[in-house]
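Novice: Before I ask anything, here is the structure I am working with.
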Amino acid sequence: MGKSNSYGNHNGDSHKNKARKWKTKRRTKDLDQIHSDLKPEVATKLLHQEVDFDVTGCAQHYCITCARYFVDMRSLKEHFKTKIHKKQLRLLREEPYTQAEAERAAGMGSFIAPKKIEVTTQPIEEEME
């Protein structure tokens, strides 16, 4: 008699992944929220935040496109080279979903292809010490 089929498979682990997705502890900003952060007036506020000791890196090193704080400038620069950051840039190239697009999808108009938006990595301002 061998092992039972239900032991050792990964079939039963799917409920764990769903629970992890539903948790809000590790929730990040959605793409439309990041698009609104990329507007110049909001972006300057996010890049030049005042010192906050409750946030990683005292809120001085922030990646707008990924909505993440970093400990120091070196780790932020390394982040710009990662697959995660490059994938986020690729996802942000598509125009955000709008109410007008939802109405067209429901049959109240004709299809218009989403536009491509040019999104680049934020400029790094070196601090002279």
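Novice: Can you figure out the FRET efficiency of K86 with F53, using R₀ = 22 Å and their beta-carbon distance, to the nearest 0.05? Present the calculation step by step, with values, prior to reporting the outcome.
Specialist: Working: r = 31 Å, r/R0 = 1.41.
Between K86 and F53 the formula returns 0.10.
Novice: Taking 25 Å as R0, compute the FRET efficiency from the Cβ-Cβ separation of R74 and K23 and round it to 0.05. Show your work: numbers first, answer last.
Specialist: Details: r = 30 Å, r/R0 = 1.22.
In this case the efficiency is close to 0.25.
Novice: Per the Kirkwood definition applied to all pairs of different Cα atoms, how many angstroms is the hydrodynamic radius of segment 29-112? Intermediate results must be reported in sequence, preceding the final value.
Specialist: Working: mean 1/r = 0.0682 Å⁻¹.
After inverting the pairwise mean of 1/r, the radius is 14.7 Å.
Novice: Continuing with the same structure: May I ask you to order 42-50, 57-65 by the average number of other C-beta atoms within 10 Å around their residues, highest value first?
Specialist: On the way: 42-50: 12.0, 57-65: 18.6.
Per-residue mean Cβ counts within 10 Å order the peptides as 57-65, 42-50.
Novice: Going down the table (K39/K116; K25/K45; K87/K116; K29/K86; K86/K116), which pairs top 18 Å between alpha carbons? Display every interim value, and only then the final one.
Specialist: Numbers: K39/K116 16 Å; K25/K45 25 Å; K87/K116 15 Å; K29/K86 16 Å; K86/K116 16 Å.
Checking Cα-Cα distances, K25/K45 exceed 18 Å.
Values in this text are rule-based calculations from the coordinates and carry no lab data. These numbers were taken from a predicted model, which means no experiment stands behind them. All Cβ positions, glycine included, derive from the backbone under ideal geometry; neighbour counts span all protein chains shown.
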